[in-house]
Amino acid sequence: MTSRRQFLVVGAAASLFKPARARAAKTAGTDYPYAEFDARIARRDFRDITRDVLPTPAMIVDLDLFEKNVKTMADHAKANGVHVRPHVKIHKSVDVARRQIAQGAIGLTCATMAEAELMSGAGIKHVLWTKQPAGVNNISRAVALSKKDPTFMFVVDDPQVVDWVEEAAAARNARLKIAVSVFAGLTRQGIAAGQPALELAQKVAASKRMDFEGFMAYSGGAAHTKTWQVRRARSADDLAGVRETAELAHRAGLPVNIVSGGSTGTYNIDHENGLTELEAGSYVFMDTAYFAIGGKDDDSVYTDFKGALTVLTTVDSKRHPNGATIDYGNKAMNRPTDKVKGMPWLEVASQGAEYGILKWTEAGRDLKLGERVEIYCTNLDTSTNVYDRYYVARGEQIVDVWPIMGRSGAAQR
Ligand SMILES: Cc1ncc(COP(=O)(O)O)c(C=O)c1O
């Protein structure tokens, strides 16, 4: 994993860039002292590190837009009496998570045990893991993390898993916080709503080692449903079951502390559907799949949250009319549904692992060799997963670098 510590250790022997040299680098063909690049970053000395000298492809976070997105969600939550427990799967970054917590998020939602370990290990409390452990690896780790961090919570959707984790918790003398995962339209997980979910909740509540916390129901099908009205109807439909289950649990005398779910697409819908907290994730950066769903006031484009993340690329060959080659291929998660920032006349296509093509049909358009072009990716989850850092920008200037949880370190496994 690319950790902040790794960034820091390379810093010691670095020397400062000369501003003049950095300025010269803005002209293609000139030199730039890249041997010192990571050392500068490790020392958080970002002078003369501007967008135009970054290695590409690189992920860029527009800090102002990112901060605006986090605040928009926080303000919405406050105004509507719902909590935010944002999903980290789309950013995999402790730096992003800390900023979400600073704006009032009550904890974090994670897709993998590795994400949960990373976030909890960074000192962030109330991490919810929304997948049940079903093998010795995840069961042992979920129990170990529960012991180390009593605020950690995970879900179950099967009585068999309750028995397994109970046994593992007894062996380690651990106490577990458990939510029951209820089906909400996606066939990937969740026990049937109503009596089956209630019985599972009662089994958890009756266990010696577990505290029953409430329910989790992710209505992922609603998240990207186009047009706000259709999305609203779909979400109400998908969440009707968990709503009924929570009422049954109340009547049966179970404490229901949370009903967790929701998404960036349904953030301004799901407080109507009985959720007490939103697991939205993509809102911090946004991607083209989300731009296309339409907002409450505009069916054609979703503008509640701004595109704060782009992949910076370089035009590195121009040998054919109405097209230019960029260094953004399959390894960089090139997708035909990606969009080019500020240049809607361009279409994105892949030409292999390291090559992408930008094409256009409009007369009078062109791109220059060496030009920097920024791409909005289609799906944040899969794109951020293949990069190791965010370059955080204010205008042209890089003001910070945030590591993305790595793919090869222990925490990823
Ligand atoms: C369990 C869970 N909750 C919530 C979300 C919502 O995330 P987003 O706001 O990025 O759509 C996801 C996304 O896949 C998820 O898997």
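The values are calculated or read from the model by the stated rules, or taken from the named source; none is laboratory data. Bear in mind that the values here come from a model prediction, so they are computed numbers and not experimental data. Cβ coordinates were reconstructed from backbone atoms using ideal geometry, including for glycine residues, and neighbour counts include every protein chain displayed. Please note that ligands, DNA and RNA were not included when accessible areas were found on the heavy atoms of the full protein model with its side chains. Shrake-Rupley method; radii C 1.70, N 1.55, O 1.52, S 1.80 Å.
Cα axis of helix 159-172 to longest principal axis of the chain: angle in degrees, 0 to 90, nearest 10?
On a 0 to 90 degree scale, this one is about 80.
At 1.4 Å probe size, with every protein chain present, just tell me what the per residue accessible area of the chain comes to in Å². Display every interim value, and only then the final one.
Details: 17870 Å² over 413 residues.
I get 43 Å² per residue for this part.
If you add up the charges near residue 310, with Lys and Arg at +1 and Asp and Glu at -1, over every other residue whose beta carbon is less than 11 angstrom from its beta carbon, what do you get?
On the way: positive: 51, 339, 341, 372; negative: 62, 287, 338, 374.
Spelling it out: positives minus negatives among the neighbours equals 0.
Relative to the Cα centre, what is the charge dipole magnitude of the range 134-263, using +1 at the beta carbon of each Lys and Arg, -1 at the beta carbon of each Asp and Glu, and rounding to the nearest 20 debye? Numbers along the way, then the final one.
Details: 16 positive and 13 negative charges, 81 e Å.
I would put it at about 380 debye.
On a 0 to 90 degree scale, rounded to 10, what angle separates helix 195-206 from the longest Cα axis of the chain?
Computed tilt is about 80 degrees.
How much of the accessible area of the chain, probe 1.4 Å, is carbon plus sulfur, in whole percent? Mind dumping the intermediate values first?
Numbers: 9210 of 17870 Å².
On the chain, the fraction of accessible area on carbon and sulfur atoms equals 52 percent.
In a GNM of the chain with a 10 Å cut-off on Cα contacts, which of 335, 172, 188 has the highest mean-square fluctuation?
Taking springs between Cα atoms under 10 Å, the residue moving most is 188.
Under the rule of -39500 (n - 2.57) per DSSP H run of 4 or more residues, summed and divided by the residues of the chain, what mean residue ellipticity at 222 nm is obtained, to the nearest 500 deg cm²/dmol? Intermediate results must be reported in sequence, preceding the final value.
Numbers: 13 runs with 130 residues, N = 413.
Only helices count here, giving -9000 deg cm²/dmol.
Tally Lys and Arg at +1 and Asp and Glu at -1 over the other residues with C-beta under 13 Å from the C-beta of residue 349: what net charge comes out? Write out the running numbers ahead of the final one.
Details: positive: 335, 339, 359; negative: 338, 347.
Neighbourhood net charge equals +1.
So which GluC sites (Glu not before Pro) in the range 57-146 are both in a DSSP loop and have at most 13 other Cβ atoms within 10 Å of their Cβ? Write down the numbers at each step before the final one.
Working: sites: 67, 115, 117; in loops: none.
In loop regions of the range 57-146 (DSSP not H, G, I, E or B), there are no sparsely surrounded GluC sites (Glu not before Pro).
Could you work out the local net charge near residue 237, counting Lys and Arg as +1, Asp and Glu as -1, over the other residues with Cβ closer than 15 Å to its Cβ? Before the final figure, lay out the partial values.
Values: positive: 231, 232, 234, 243; negative: 238, 244, 270, 272.
Net of charged neighbours comes to 0.
What do you get for the angle between helix 136-148 and the principal long axis of the chain? Use alpha-carbon atoms, 0 to 90 degrees, nearest ten.
Roughly 80 degrees between the two axes.
Based on Cβ point charges of +1 for Lys and Arg and -1 for Asp and Glu, what charge dipole magnitude is obtained for the chain about its Cα centre, in debye rounded to the nearest 20? Show your work: numbers first, answer last.
Working: 53 positive and 48 negative charges, 214 e Å.
Charge dipole, the chain, about its Cα centre: 1020 debye, nearest 20.
Normalised radius of gyration for the chain, please: alpha carbon Rg relative to 2.2 N^0.38 Å, two decimal places.
Numbers: Rg = 23.2 Å, N = 413, 2.2 N^0.38 = 21.7 Å.
Here the Cα radius of gyration is 1.07 times the empirical estimate.
Length gain on complete extension for the stretch residue 319 to residue 64, per 0.36 nm per residue less the alpha carbon to alpha carbon distance? Display every interim value, and only then the final one.
Numbers: separation 255, 0.36 × 255 = 91.80 nm, distance 3.71 nm.
Extra length from residue 319 to residue 64 when fully extended: 88.1 nm.
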